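Here is the structure we will look at.
The values are calculated or read from the model by the stated rules, or taken from the named source; none is laboratory data. In this text, all values refer to a predicted model and were calculated from it rather than measured experimentally. Backbone-built Cβ (ideal geometry, glycine too); neighbour counts: all protein chains shown.
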Amino acid sequence: MRCLPRVLSLCLVALLAVLPKWSAGKESSGSVKKKGIGLSEKFGFGAEHISALNVGWFYNWGPQTKLTLSIPFVPMIWSLKTLDANIRDEYVLGFNEPDHKDQANIPVKDALARWPAIKSKGRQIGSPAMAGNPVTGDWLPAFMRNKHQADFICVHWYKGADARKFISDMEQVHQKYNKPIWVTEFAPQTDDETRQSPGKFTQKEVEQFIRETTRWMESTPYIHRYAWHHPRAGVTGTSSLFDQSGALTPTGRAYAEAGR
């Protein structure tokens, strides 16, 4: 019986060797700021842009980042094309707008068939984020009825500068799915809308929208994360965080001050 401790130790080593190698140093759900940002490195955004916004996490719509920051990066499996990415992380975001022909564009049945591959990549998995309505649309309700693992619901929101509408919509999402929410994209306008009508909403309206929505999200337990959406490089309007030189706009300064 004196050899039993050695046998147990060898078993433990063997067990650890076959367990998934999750990324080290990742945060628990309650140890990071809710406020984050999505910025695409391929459009020239770097660590200095992310740092200027005083955020607690970031993502880039891809499974990996080349940036080195003190805050956590959250990977995304954007579509079926990135499903083979070799990642193991605390959080992984699911498909990006599979209900939109110009985005991930994945039928529900195909997403369900490949979802187990995403589940193997993270401890907590975010649902696919919709271009359409996540409550009354067809795609996400059909996907969620199949009981596949989605630990939190990812939401995109571009419906103007009415904070009351934003809050009402988030409440409906929570009532529908009874899961935590990550608002991974939100702003008064989409990229295309900003390009077509960059000044549709006044600076005052946008800054007030930021203050009211972020204050509500910071105080609402089921909102776990949120990230403003900055339009693509070359598009500037009142929803933009940065100007053409890369400096913070008044909207960017308002978002940098939010959530403190």
Tally, over segment 116-149, of residues that are under 15 Å from TYR91 (Cβ atoms), touching a helix residue (DSSP H, G or I) at 6+ places or on another chain (Cβ under 7 Å) and among the aliphatic types (A, V, I, L, M): 1
Every residue from segment 145-173 that is surrounded by fewer than 18 Cβ atoms within 10 Å (Cβ to Cβ) and over 19 Å from TRP228 (Cβ atoms): ARG145, ASN146, LYS147, HIS148, GLN149, SER168, GLU171, GLN172
In segment 217-256, the residues that are at pLDDT 95 or above and of a type in the set (Asp, Glu): GLU218
Every residue from segment 155-201 that is of a type in the set (Val, Ile, Thr) and either more than 16 Å from ALA129 (Cα to Cα) or over 17 Å from the mean Cα position of the chain (by Cα) (or both): ILE167, THR194
Segment 214-238 - residue that is surrounded by 23 or more Cβ atoms within 10 Å (Cβ to Cβ) and aromatic (Phe, Trp, Tyr) and, of those, farthest from GLN175 (Cα to Cα): TRP228
Qualifying residue in segment 93-114 (condition: under 18 Å from LYS34 (Cα atoms), modelled with pLDDT of 95 or more and of a type in the set (Val, Ile, Thr)): no
Criterion: more than 12 Å from GLY62 (Cα to Cα) and surrounded by 21 or more Cβ atoms within 10 Å (Cβ to Cβ) - qualifying residue of PRO116, PRO128: PRO128
Number of the exception - GLN208 against (1) closer than 23 Å to LEU93 by Cβ; (2) at pLDDT 95 or above; (3) surrounded by fewer than 17 Cβ atoms within 10 Å (Cβ to Cβ): (1)
Output for segment 68-87, where each listed residue is crowded, with 16+ Cβ neighbours inside 10 Å, touching a helix residue (DSSP H, G or I) at 6+ places or on another chain (Cβ under 7 Å) and part of a loop (DSSP other than H, G, I, E, B): ILE77
Those residues of segment 132-144 which are in a loop (DSSP other than H, G, I, E, B) and surrounded by fewer than 21 Cβ atoms within 10 Å (Cβ to Cβ), in sequence order: GLY132, ASN133, VAL135, THR136, GLY137, ASP138
Which listed residue, of TRP57, TRP78, is under 12 Å from the mean Cα position of the chain (by Cα) and farther than 20 Å from GLN103 by Cα: TRP57
Single condition ALA131 does not satisfy, out of (1) at pLDDT below 95; (2) under 19 Å from VAL108 (Cα atoms); (3) of a type in the set (A, V, I, L, M): (1)
